[in-house]
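> The structure that follows is given in the form of C-alpha cells.
The values are calculated or read from the model by the stated rules, or taken from the named source; none is laboratory data. Everything numeric in this text was worked out from a predicted model, so none of it was measured. Positions of Cβ are generated from backbone atoms using ideal geometry, with glycine treated the same way; all protein chains shown enter the neighbour counts. Heavy atoms of the whole protein, side chains included, go into the accessibility calculation; ligands, DNA and RNA do not. Shrake-Rupley method; radii C 1.70, N 1.55, O 1.52, S 1.80 Å.
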Amino acid sequence: MTTSGLENAPEEIKLAVDLIYLLETHDIKPDVALKALEIVRADLERKVKTTEESE
C-alpha cells in the first residue's frame, strides 16, 4: 500500500499498520503479540459493552 493509499485508508487499517510496525520494530515474538492482543481485545470488548449498557 502506498503512502497516499494509506492516507485514504479506513482508521482500522491505519491502526493495524501502526501496530504491526510497532511489534516488528520492537522484535515482539508473534506468540507474545497474539497473547497481548487477546488481552487488549477482551479489555476493549468490556469497554464497548459498558458503553452500550450506559446508553
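> Give me a count of the residues in the range 13-38 that are surrounded by 11 or more Cβ atoms within 10 Å (Cβ to Cβ) and not in a helix (DSSP H, G or I).
Counting residues in the range 13-38 that are surrounded by 11 or more Cβ atoms within 10 Å (Cβ to Cβ) and not in a helix (DSSP H, G or I) gives 1.
> Next question. Provide a single number: the residues in the range 1-12 that are part of a helix (DSSP H, G or I) and of a type in the set (A, V, I, L, M, F, W, C).
1
> Given the criteria open to solvent by 90 Å² or more (accessible area, probe 1.4 Å) and either touching a helix residue (DSSP H, G or I) at 6+ places or on another chain (Cβ under 7 Å) or in a helix (DSSP H, G or I) (or both), does Asp43 qualify?
No.
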